[in-house]
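Attaching a single structure in structure tokens format; questions to follow.
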Amino acid sequence: MNVHEQYPSLDSRLVQYGVGRDAATGAISFPIYPSATYRHPEVGESTGFDYTRSGNPTRQVLEEALADLEGGARGLVFASGMAALTTLFLHFSSGDHLVVSQDLYGGTYRVLDQVFGKLGVTASYVDTTDAAAVATSIRPATRALLVETPGNPLLGVADLRALGDLCRRHELLFIVDNTFLTPVLQRPMEFGADVVVYSATKYFGGHNDLCAGALVARSAELGERLYFLQNSTGAILPPQDCWLLLRSLKTLALRLERHGRNALEVARWLQHHPRVSAVYYPGLPEHPGHDLARNQAHGFGGMLSFRVDSPTMARQVLKRLNLISFAESLGGVESLMTLPAVQTHADIPEAERLRLGICESLLRLSVGIENAQDIIADLAQALAG
Ligand SMILES: *Cc1c(COP(=O)(O)O)cnc(C)c1O
């Protein structure tokens, strides 16, 4: 009996993946198998493990857990989110065209523009919160739609159901980067996603001590193709890090509950601050994607962005922060703040960045699980003066 059949609720499954699966010892914490290779019992026989790039017991438990969480046929883990995305993009061929969210992780833009562009795979960046705009950007050579929702850094919400229907009609591979919400809060396969992508460095890892990525394929057939690419190109996640990620899964639901509660409290406080001209958080009823987010997700997550009255003010805030760290990345227990225009989104050409609204007065906050009042007090002193 697998964990899914035993425990239908997601928070119980998260805790129980791997528990007792090492039959020889009954270990609660599934062991790390660092072995690079495995003895064969006979010619033509295998224990199921031959060589660690092709398969590893610790990785297998983690990959099965991710597939189960997502409701997909196959999970695959990689050395980083970019390694996962790169492996996925290798599925395409020269001449193929992708439609991609314009409110996108900067590294995804960079690898498409500067690496895959040279290999003949092209992309159009569109406002995926507007399903009609997505429809008009589809060409005969379009093979896939890649969506991030909520978007980064402006937290726009795309309609997963409408986009899933569109992909089905045009026979496009529907890819969702679900890094910001994880399957605890949003399960894109319920809306027809074929592949869900993660930077597991963020909420899955959750402690800013790990770099990892994942792909989950809905069908066994696509899963097999992506496994072929993972094994052929080799950007696997090492067993020690697989174990660390399995440990992080145990508290994922708990952490996201607190991240979400804190983010709403901080967003409400920022809304009333005189030096703050806009707050972007889908959990606020005023956010244009609020109703959509309520319908398609089970929470709004821990990410928010806000605009201060000048670039000078943004720099002052970053300089004065105490509890909150001025650092890239997101999704960890520690609160982090970034200036997307000069950090995560620096590779997007300036004119394009400004058109999107990613100017030097925009700050992005990954709200941690510290006491919300302490986070607010730190923001208050940083915004003072
Ligand atoms: C961080 C991030 C990535 C890239 O993942 P790495 O683990 O840093 O390689 C991709 N997509 C999103 C939404 C991210 O936040």
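Condition check ((1) assigned by TED's automatic domain parsing to the domain that holds Ala84; (2) small (Gly, Ala, Ser); (3) open to solvent by 30 Å² or more (accessible area, probe 1.4 Å); (4) closer than 23 Å to Leu304 by Cα) across all residues:
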{"site": "Gly213", "(1), (2), (3), (4)": "yes, yes, no, yes"}
{"site": "Glu224", "(1), (2), (3), (4)": "yes, no, yes, no"}
{"site": "Leu237", "(1), (2), (3), (4)": "yes, no, no, no"}
{"site": "His272", "(1), (2), (3), (4)": "no, no, yes, yes"}
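Does any residue of the range 144-165 turn out to be under 12 Å from the mean Cα position of the chain (by Cα), of a type in the set (Gly, Ala, Ser), surrounded by 18 or more Cβ atoms within 10 Å (Cβ to Cβ) and at negative phi?
yes
Which of the helices (runs of 4 or more DSSP H) found entirely inside the range 1-71 contain at least 1 residues meeting this: touching a Gly at 6+ places or on another chain (Cβ under 8 Å)?
Ranges flagged: 57-70.
Then there is this: Could we say that Ala200 is under 28 Å from Pro340 (Cα atoms), aliphatic (A, V, I, L, M) and either within 15 Å of the ligand (Cβ to nearest atom) or over 15 Å from the mean Cα position of the chain (by Cα) (or both) here? Talk me through it step by step, then tell me what you get.
On the way: under 28 Å from Pro340 (Cα atoms): yes; aliphatic (A, V, I, L, M): yes; either within 15 Å of the ligand (Cβ to nearest atom) or over 15 Å from the mean Cα position of the chain (by Cα) (or both): yes.
Yes: the conditions hold for Ala200.
Please go through (1) of a type in the set (Ser, Thr, Tyr); (2) more than 24 Å from the chain's Cα centre (by Cα); (3) under 22 Å from Val216 (Cβ atoms) for Thr25 and return the number of the only condition it doesn't satisfy.
Answer for Thr25: the failing condition is (3).
Are any residues in the range 175-197 among the charged types (D, E, K, R) and near the ligand (Cβ under 10 Å from one of its atoms), and if so, which ones?
Asp177
Counting only residues that are of a type in the set (Lys, Arg) and more than 15 Å from Gln373 (Cβ to Cβ), which one in the range 250-270 is most open to solvent (accessible area, probe 1.4 Å)?
Only one residue tops the list, namely Lys250.
Based on this model, can you work out whether Ser93 counts as open to solvent by 30 Å² or more (accessible area, probe 1.4 Å), more than 14 Å from the ligand (Cβ to nearest atom), within 16 Å of Leu172 (Cβ to Cβ) and of a type in the set (Ser, Thr, Tyr)?
Spelling it out, Ser93 is indeed open to solvent by 30 Å² or more (accessible area, probe 1.4 Å), more than 14 Å from the ligand (Cβ to nearest atom), within 16 Å of Leu172 (Cβ to Cβ) and of a type in the set (Ser, Thr, Tyr).
Further, regarding this structure: Within the range 22-46, track down each residue that is within 20 Å of Trp243 (Cβ to Cβ), of a type outside the set (Gly, Ala, Ser) and either loosely packed, with under 11 Cβ neighbours inside 10 Å or modelled with pLDDT of 95 or more (or both). Even if it seems obvious, please write down each step before you answer.
Applying the first criterion (within 20 Å of Trp243 (Cβ to Cβ)) to the range 22-46 yields 22-38.
Keeping just the survivors that are of a type outside the set (Gly, Ala, Ser) gives 22, 25, 28, 30-34, 37-38.
Scanning the range 22-46 gives Thr25, Ile28, Phe30, Pro31, Ile32, Tyr33, Pro34, Thr37, Tyr38.
Within the range 31-41, does at least one residue satisfy the condition of being within 16 Å of the ligand (Cβ to nearest atom), β-branched (Val, Ile, Thr) and touching a helix residue (DSSP H, G or I) at 6+ places or on another chain (Cβ under 9 Å)?
Scanning the range 31-41, I find no residue that is within 16 Å of the ligand (Cβ to nearest atom), β-branched (Val, Ile, Thr) and touching a helix residue (DSSP H, G or I) at 6+ places or on another chain (Cβ under 9 Å), so the answer is no.
Kindly indicate whether Thr128 is under 19 Å from His170 (Cα atoms) and more than 19 Å from the chain's Cα centre (by Cα).
no
With surrounded by 20 or more Cβ atoms within 10 Å (Cβ to Cβ), in a helix (DSSP H, G or I) and within 11 Å of the ligand (Cβ to nearest atom) as the only criterion, which of Leu85, Leu104, Leu112 stands out?
Sole residue among the options that is surrounded by 20 or more Cβ atoms within 10 Å (Cβ to Cβ), in a helix (DSSP H, G or I) and within 11 Å of the ligand (Cβ to nearest atom): Leu85.
Follow-up. Report, by residue number, each residue of the range 346-374 that is touching a Gly at 6+ places or on another chain (Cβ under 7 Å) and either under 14 Å from Glu334 (Cα atoms) or of a type in the set (A, V, I, L, M) (or both).
Ala346, Ile348, Ser366, Val367, Gly368
Residue check: is Ser94 of a type in the set (Ser, Thr, Tyr), under 30 Å from Gly164 (Cα atoms), in contact (Cβ under 8 Å) with a residue 24 or more places away in the chain and assigned to a loop (DSSP other than H, G, I, E, B)?
Values: of a type in the set (Ser, Thr, Tyr): yes; under 30 Å from Gly164 (Cα atoms): yes; in contact (Cβ under 8 Å) with a residue 24 or more places away in the chain: yes; assigned to a loop (DSSP other than H, G, I, E, B): yes.
So Ser94 passes the test.
Within the range 337-372, track down each residue that is exposed (fewer than 13 other Cβ atoms within 10 Å of the Cβ) and either in the same structural domain as Leu154 (by TED's automatic domain parsing) or outside any loop (DSSP other than H, G, I, E, B) (or both).
Glu350, Ala351, Arg355, listed by residue number.
Also, quick follow-up: Based on what the data block shows, is Arg294 open to solvent by 30 Å² or more (accessible area, probe 1.4 Å), in contact with a Ser or Thr (Cβ under 9 Å, 6 or more places away or on another chain) and not aliphatic (A, V, I, L, M)?
Values: open to solvent by 30 Å² or more (accessible area, probe 1.4 Å): yes; in contact with a Ser or Thr (Cβ under 9 Å, 6 or more places away or on another chain): no; not aliphatic (A, V, I, L, M): yes.
So Arg294 does not fit the description; no.
Let me ask something else. Would you please name the residue that is nearest to the ligand (Cβ to nearest atom), looking only at residues in the range 203-232 that are among the hydroxyl-bearing types (Ser, Thr, Tyr) and assigned to a loop (DSSP other than H, G, I, E, B)?
Here the answer is Tyr203.
For a quick check of your reading: which strands (runs of 3 or more DSSP E) sit entirely within the range 122-193 and have at least 1 residues that are under 23 Å from Phe204 (Cβ atoms) and either in contact (Cβ under 8 Å) with a residue 24 or more places away in the chain or assigned by TED's automatic domain parsing to the domain that holds Gly331 (or both)?
142-148, 173-177
May I ask you to list pairs of residues, at least six apart or on different chains, whose Cβ atoms are under 6 Å apart, with the first in the range 312-331 being free of Cβ contacts under 8 Å to residues at least 24 places away in the same chain and the second being part of a helix (DSSP H, G or I)?
Every condition considered, the pairs that remain are Phe326/Leu318.
The values are calculated or read from the model by the stated rules, or taken from the named source; none is laboratory data. Please read these numbers as outputs of a predicted model, since none were measured by experiment. FYI the Cβ positions are ideal-geometry reconstructions off the backbone, even for glycines, and counts take in every protein chain you see. We work out accessible area using only protein heavy atoms, side chains counted, and drop any ligands, DNA or RNA first. Shrake-Rupley method; radii C 1.70, N 1.55, O 1.52, S 1.80 Å.
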